[in-house]
Amino acid sequence: MPEFTERQAAAWPEAIAEARRYVETSTIPLDIDHYAWQVTWAEESRPGRGHGFSATWCDGEYLVQVHMDVYGYPSVSVAETTWLHSSSYEECECSWCERYREDEDDEY
C-alpha cells in the first residue's frame, strides 16, 4: 500500500486543520488509515517519487475531500450534505416516500 511522501506527511495535518475550521459537529480523524477515510492512491508517474491521492470523509452532515500531489500541495474541500432520500429513515421527507406513506395510510 502506498505511503505518504515526507512532504505529504508534513502537509496532511495542516489540511485536516483547514477542514476542521468548517466542521463543528464532528472530529475529523487525523489518521489517514482511520476507517472513516476513503482513500484512492494514484499511480506513480515516476517510480520512487510517491503517489498523489484523494481522501474523502463524511459524517452524514459534512463531506471533506483532500486531494494532494506527491509534493504535498493539498486542495481541501468541505461541503454540507443535504439528504434527498434515505431508505432506512422511516420519516424520509422526499416526495416519493411521502406519497408511499400516504398510499399505505389510504389502504387502511
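The values are calculated or read from the model by the stated rules, or taken from the named source; none is laboratory data. In this text the structure is predicted, and so the values were computed from the model without any measurement. Here the Cβ positions follow ideal geometry from the backbone for every residue, glycine too, while neighbour counts run over all protein chains shown. Please note that ligands, DNA and RNA were not included when accessible areas were found on the heavy atoms of the full protein model with its side chains. Shrake-Rupley method; radii C 1.70, N 1.55, O 1.52, S 1.80 Å.
Just give me the residues in the range 71-81 being surrounded by 10 or more Cβ atoms within 10 Å (Cβ to Cβ) and either at positive phi or of a type in the set (Asp, Glu) (or both), in sequence order. Listed by number, the list holds a single entry, 72. The residues of the range 35-66 that are over 12 Å from the mean Cα position of the chain (by Cα), on the phi < 0 side of the Ramachandran plot and exposed (fewer than 11 other Cβ atoms within 10 Å of the Cβ), listed by number, are 43, 46, 47. Within the range 82-90, is even one residue among the β-branched types (Val, Ile, Thr) and either open to solvent by less than 100 Å² (accessible area, probe 1.4 Å) or not in a loop (DSSP other than H, G, I, E, B) (or both)? No; the residues of the range 82-90 include none that is among the β-branched types (Val, Ile, Thr) and either open to solvent by less than 100 Å² (accessible area, probe 1.4 Å) or not in a loop (DSSP other than H, G, I, E, B) (or both). On inspection, residue 98 passes the criterion of being among the charged types (D, E, K, R) and more than 23 Å from the chain's Cα centre (by Cα). Residues in the range 72-99 that are of a type in the set (Ser, Thr, Tyr) and at pLDDT 95 or above were compared, and the one that is farthest from residue 26 (Cα to Cα) is 73.
Look at the range 66-80: where a residue is more than 18 Å from residue 45 (Cβ to Cβ) and of a type in the set (D, E, K, R) and a partner is open to solvent by less than 50 Å² (accessible area, probe 1.4 Å) and not in a loop (DSSP other than H, G, I, E, B), sitting 6+ places away or on another chain with Cβ atoms under 7 Å, you get 80/62.
For the range 1-33, a tally of residues being in contact (Cβ under 8 Å) with a residue 60 or more places away in the chain and assigned to a loop (DSSP other than H, G, I, E, B) returns 1. Filtering the range 19-34 down to residues that are aliphatic (A, V, I, L, M) and either over 16 Å from residue 8 (Cβ atoms) or open to solvent by 90 Å² or more (accessible area, probe 1.4 Å) (or both), which residue is farthest from the chain's Cα centre (by Cα)? Going through the qualifying residues, I end up with 23.
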